[in-house]
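What follows is one structure encoded as structure tokens, with my remarks underneath.
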Amino acid sequence: MRLLDKYVLKEFLAPFLFGVAAFTAIFLGADTLLKIAGYVTTYGASAISAVKIFILALPRIVVYTFPMAVLLGALMCFARLSGSSELIVMRTSGQSFLRLAMPVFILALLISLCAVAFNEYVVPWTNREYDYVLNTEIKKNLNPGMTDHVVIRDVQNGKINHLLYARRYNPQTKELENITVQEFENEEAIRVENAPKAVWKDGVWHMTNGVIYDLTGDGVDRMLHFESQEIPYAMAPENIPKEKKKLDEMTIRELLITQKAYEPAHADVTGIQMEIYRRFSLPMASFVFAIVGAPLGVQKQRSSSSVGFGLSVVIIFVYYAIMTFLEALGKGHALPPFLAVWLPNFIALAMGCLLIHKANK
């Protein structure tokens, strides 16, 4: 690595780390700490439970603060270099702005890739544990009510053999409602069973008055009706609410399996698709914000740290406002899920490329 690259990265890292700490503290103070105070006063949460909630909330907050910190770091880095005329000296030596900013862009890309992995392997688990601590230790919600969109997997040797989807589980009657069961062979669905309900009896789920569809590559091969059919692999009723996961508590593989379970039952998969795309779009915002922030910092009048921080906050507010609006359109089926999630990044990327083109002149 060239000495100049190391110097640019050094100028970037200090405001980046400050940004991670500052924006995380803002999120914690504005949201998490207020919730914890409410849990203590309303439910009498213990100090241990409050600390658990605090720690488990950090990973999902950090995923949001990384793009903000990268934007602040890139903007402040080049604002300082521009304000002290160091950038002019570097440019007169024959270096283009794009080449000078390349170390920051590469580091931002690495941060994005690490955030993708963090968002896949750490955040779902902490979200799950957060929900468990909140409902069992703090709210004492040991007897949950209706459970919607139940998905039960029968996996053997890493392969899915059966996939069950039920529109609702009623703990009072111990019934699953509106059931679709898929049977797989080599990851391909070979049979689908539909039934209006299944009842827990003698340690086994029994579907009643259902239909079996045998599938081939060309469609339905034959259709059979049945009065009663057992589901031997399905979990016991008391385990269904415990195993139920929210979308942000699932890994990408679990989300894809859930989508596969929803589709034959004609359930809406828009939320699942948007969550899958979000697992990549939000971490990749770090790279996009580096492309936006670096050329914005070139102007001398923006060398002030307070102005740079304020400009970062404005850009972040506009970005997340657009993101929230487009995601609402996606959930309302006014936009395809991919565009609803990725369009803010595409808009920011186009603006960043335009700013870099101007800074290179």
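A compact table of results
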{"quantity": "Alpha-carbon gyration tensor eigenvalues x 5, square-rooted, for the chain, Å", "calculated": "49, 25, 15"}
{"quantity": "Neighbourhood charge, 11 Å Cβ-Cβ cut-off, centred on ARG168 and excluding it, Lys, Arg +1 and Asp, Glu -1", "calculated": "-1"}
{"quantity": "The range 1-157: relative contact order as a whole-number percent, Cα under 8 Å and 6+ apart", "calculated": "36 percent"}
{"quantity": "Gyration tensor (Cα) of the range 89-144, equivalent ellipsoid semi-axes in angstrom", "calculated": "49, 10, 5"}
{"quantity": "The range 154-238 pair-distance distribution - Cα-Cα, 5 Å bins, rounded %", "calculated": "3, 14, 24, 24, 18, 12, 4, 1, 0"}
{"quantity": "Förster radius 30 Å - calculated FRET efficiency between LYS140 and ILE26, Cβ distance, rounded to 0.05", "calculated": "0.45"}
{"quantity": "Segment SER96-ALA334, extension gain: residue separation times 0.36 nm, minus the distance between their alpha carbons", "calculated": "81.5 nm"}
{"quantity": "Helix-only mean residue ellipticity at 222 nm for the chain, each DSSP H run of n ≥ 4 adding -39500 (n - 2.57), per residue, nearest 500", "calculated": "-19500 deg cm²/dmol"}
{"quantity": "Separation of alpha-carbon centers, the range 123-176 and the range 32-65, rounded to whole Å", "calculated": "23 Å"}
{"quantity": "Long-range HN-HN contacts of LEU335 with modeled amide H, under 5 Å", "calculated": "GLY330"}
{"quantity": "Cβ-derived FRET efficiency at R0 25 Å, PHE309 paired with ARG128, nearest 0.05", "calculated": "0.15"}
{"quantity": "Å² per residue, accessible surface of the range 111-258 at 1.4 Å", "calculated": "55 Å²"}
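The values are calculated or read from the model by the stated rules, or taken from the named source; none is laboratory data. In this text, all values refer to a predicted model and were calculated from it rather than measured experimentally. So basically every Cβ, Gly included, is an ideal-geometry build from the backbone, and we count neighbours across all protein chains shown. Ligands, DNA and RNA are stripped out before the accessible areas are found, and what is left, the full protein with its side chains, is counted by its heavy atoms. Shrake-Rupley method; radii C 1.70, N 1.55, O 1.52, S 1.80 Å.
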